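The values are calculated or read from the model by the stated rules, or taken from the named source; none is laboratory data. All values derive from a computational prediction rather than experimental measurement. FYI the Cβ positions are ideal-geometry reconstructions off the backbone, even for glycines, and counts take in every protein chain you see.
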Amino acid sequence: MSFLNKIFGKKEEAPQITSILPQEIYEAGVLELKDIIAPSALKITPKEINLGEKIARTFFVISYPRYLSDSWFAPIINLDKVFNISIFIHPVETAKVLRQFQKKVAEVQSQINVREEKGLVRDPMLDTAYRDLESLRDNLMQAQEKIFDVGVYITLYGDSDGELDKIESEIKSILEAKLVYLKPALFQQEQGYKSVLPIATDELSVHSKLNSSPLSSIFPFVSFDLTSDKGILYGINRHNSSLVLFDRFLLENYNSVTFAKAGAGKSYATKLEILRTLMFDTEVIVIDPEKEYEYMAEATGGKYFNISLNSEHHINPFDLPVAREDESSADVLRSNIINLVGLFRIMLGGLSQEEDAIIDRAITETYALKDISPESDFANVEPPLMSDFELVLAGMEGAESLVQRLSKYTKGTWSGFINRPTNVDINKKFIVFSLRDMEDELKPVAMYIVTHYIWNAIRKNLKKRLLVIDEAWWMMKSEDTASFLLGLAKRGRKYYLGLATITQDVDDFLKSPYGLPIITNSSIQILLKQSPSSIDNIQRTFNLTDEEKYLLLESDIGEGIFFVGLKHVAIKIIASYTEDQIITTNPSQILEIKKAKQELASNG
């Protein structure tokens, strides 16, 4: 057939002389897609295939252990190497399998009987095989399982034999640790390479029989990203090294809980989130029980208030917030009276029903003493002090015991803490209230007063805010403080407030009837390294698998599990050098930083 006939597809006629146009020559030489993607050269050897500058080796899985755990294939799928994987699943007719099983069961039973007749010691392997066969046969007959011929093929790519040998060794060591063994497709590299191409052709045909349960464990999509388009970096996904990015203010509620044992990195992780949150025009307020946020407040230009008996910073619990447009002064006064009754219940070690009624009436009369009524404008009133309340209470019948118990807060050492006008002003983007120097007996009282002061400030102006309560188990000790904490979690969204609850004493937190509701009202949950004593409680609360349970027990500092809704991933929290210098809680690092600052100041 002539050249022109090849071009135009005509039948060959008698030879004739004709001219060939340049356009026709060009069209005859146009490249097709396969010409572009094909390698420059191809060489097939028994052990590998040379594809241009790349070398490819194909392997197949030849043997599996008796049991396959969930996600056993995940370390291979998430390996940061260049390779292709194909999984071929061919269903096998159950009736055919059952006939083969009948022969195999009879064979194994015969071997067991022969050994018994000869008086030989029982063979555990034969007994185990018999039980497995019988169990599987029952499941097949009841249609609870099916049998499949399964082929798993892996093609590795590299620039040199040495690089391929290294990747091969790494993959084999990962699989052999799980008792899964690979073999190279010797003299079948071409068929193996074609089998991993996305054309669904199983040319290698090296199969193992697997029933439904172990087959499901090979399912490859075990790794997923848990991230959103906006937000701050919480850490690195340990499954596949992707970023865990979230904006808590775009979730259904803005709350989070963090559980970890002492020294697991919970405060470090929280401070890292605070530092990154401050960059997104968010105000952050921290209740700090251990004086861990002082240096950070100083470094970021925030305010640090040390709340203690001898502190110069005071908060008057009788302060009244100015009513918002959507509420009346009467509502604000009523709410504040209820909160004060809760405070006195903590301060006075509990109240009987009669005492509760007396306290309620005394608070109302104390406000009336300062001409404060439900019709007052709270912006122009002077709130009463604790000593004013004591004076009113002393004049009431049946209040003798209450006055006696209250006197330690109005006279002597404790009076400096609670019986003074408020001189705290939170007008910075980052505010820290430290309670470390407060006596343990007074910490629940101090936490209650501080959180109510913060809540009143939050209600005053609608802004994006994050309230961090570190060592929240202190608040779970009292029903009133725990109830208030749950109220913050439920009502915070209305005021654009996110609540971050952090605790190391998981058992105390969960023992409270308010603990679990606080967790369920938190869109983000972070679990870092846990102690063996609390891990079972954590596992039940968060429905963890045994593998996740052991992951939390064996995690390093800053490693754990990150939950958002029903999804969760293993996470590693990392910081840049500059961030680390600002947020570190390591005493040796803090001393080095202080020393460097002193040297810089002396040289300056």
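Just to be sure I understand the filter: pairs with C-beta atoms under 7 Å, separated by 6 or more residues or on different chains, first member in region 325-345 and closer than 9 Å to P374 by Cβ, second member surrounded by fewer than 16 Cβ atoms within 10 Å (Cβ to Cβ) and not acidic (D, E). Which pairs pass?
What qualifies is S329/P374; A330/P374; L333/P374.
What about Y157, is it over 17 Å from N84 (Cβ atoms) and surrounded by 13 or more Cβ atoms within 10 Å (Cβ to Cβ)?
Spelling it out, it is not the case that Y157 is over 17 Å from N84 (Cβ atoms) and surrounded by 13 or more Cβ atoms within 10 Å (Cβ to Cβ).
Of these, V424, V392, which one is over 21 Å from S522 (Cα atoms) and touching a Phe, Trp or Tyr at 6+ places or on another chain (Cβ under 7 Å)?
The match here is V424.
Which of the residues belonging to region 473-511 are out of contact with any strand residue (DSSP E or B) (no Cβ under 7 Å at 6 or more places or on another chain), among the small types (G, A, S) and within 22 Å of Y254 (Cβ to Cβ)?
Passing the criteria: A482, S483, G487.
Residues that are of a type outside the set (F, W, Y), modelled with pLDDT of 85 or more, in contact with a strand residue (DSSP E or B) (Cβ under 8 Å, 6 or more places away or on another chain) and loosely packed, with under 14 Cβ neighbours inside 10 Å: does region 280-291 have at least one?
no
Among the candidates A394, A379, single out the residue that is of a type in the set (A, V, I, L, M, F, W, C), at pLDDT 85 or above and over 30 Å from L272 (Cβ atoms).
Only one candidate passes the filter, namely A394.
Looking only at region 439-454, decide whether some residue is among the basic types (K, R) and out of contact with any helix residue (DSSP H, G or I) (no Cβ under 6 Å at 6 or more places or on another chain).
Taking every residue of region 439-454 in turn, none turns out to be among the basic types (K, R) and out of contact with any helix residue (DSSP H, G or I) (no Cβ under 6 Å at 6 or more places or on another chain).
For region 390-438, give me each residue that is of a type outside the set (A, V, I, L, M, F, W, C), in a loop (DSSP other than H, G, I, E, B) and surrounded by 14 or more Cβ atoms within 10 Å (Cβ to Cβ).
N419, R420, T422, K428, K429, R436
Only residues that are surrounded by fewer than 18 Cβ atoms within 10 Å (Cβ to Cβ) and of a type in the set (S, T, N, Q): list them for region 79-102, please.
N84, T94, Q100, Q102
Let me spell it out: the conditions are (1) crowded, with 18+ Cβ neighbours inside 10 Å; (2) over 22 Å from D437 (Cβ atoms), and R276 meets all of them except one. Which number is the exception?
(1)
Just the residues that are among the acidic types (D, E) and in contact with a helix residue (DSSP H, G or I) (Cβ under 7 Å, 6 or more places away or on another chain), please, taken from region 546-591.
Matches in region 546-591: E579 only.
Suppose we filter region 361-383 for residues that are within 46 Å of the chain's Cα centre (by Cα) and surrounded by 16 or more Cβ atoms within 10 Å (Cβ to Cβ); how many remain?
Result for region 361-383: 3.
Return the residues of region 458-468 that are surrounded by fewer than 24 Cβ atoms within 10 Å (Cβ to Cβ) and β-branched (V, I, T); say none if nothing qualifies.
I458
Give me the pairs, please: first residue somewhere in region 354-380 and closer than 12 Å to R334 by Cβ, second residue anywhere and exposed (fewer than 15 other Cβ atoms within 10 Å of the Cβ), beta-carbon distance under 8 Å, and either six or more positions apart or on two chains.
Qualifying pairs under 8 Å: Y367/S373; P374/S328; P374/A330; P374/R334.
Would you mind stating whether A299 is touching a residue at least 60 places away in the same chain (Cβ under 8 Å), in the same structural domain as W473 (by TED's automatic domain parsing), in contact with a helix residue (DSSP H, G or I) (Cβ under 6 Å, 6 or more places away or on another chain) and farther than 19 Å from L499 by Cβ?
Answer is yes for this residue.
Just wondering, is there one or more residues in region 581-600 that are within 20 Å of N237 (Cα to Cα) and surrounded by 10 or more Cβ atoms within 10 Å (Cβ to Cβ)?
no
Name every residue in region 80-116 that is in contact with a strand residue (DSSP E or B) (Cβ under 6 Å, 6 or more places away or on another chain), among the hydrophobic types (A, V, I, L, M, F, W, C) and at pLDDT 80 or above, in order of residue number.
Result: V82, F83, I85, I87, F88, I89, V92.
If T58 satisfies all but one of (1) touching a strand residue (DSSP E or B) at 6+ places or on another chain (Cβ under 7 Å); (2) hydroxyl-bearing (S, T, Y); (3) on the phi > 0 side of the Ramachandran plot, what's the number of the condition it fails?
Unmet condition: (3).
State all residues of region 439-456 that are surrounded by fewer than 17 Cβ atoms within 10 Å (Cβ to Cβ) and either free of Cβ contacts under 8 Å to residues at least 40 places away in the same chain or touching a Pro at 6+ places or on another chain (Cβ under 8 Å) (or both); if no residue qualifies, say none.
Listed by number, the residues that qualify are D440, E441.
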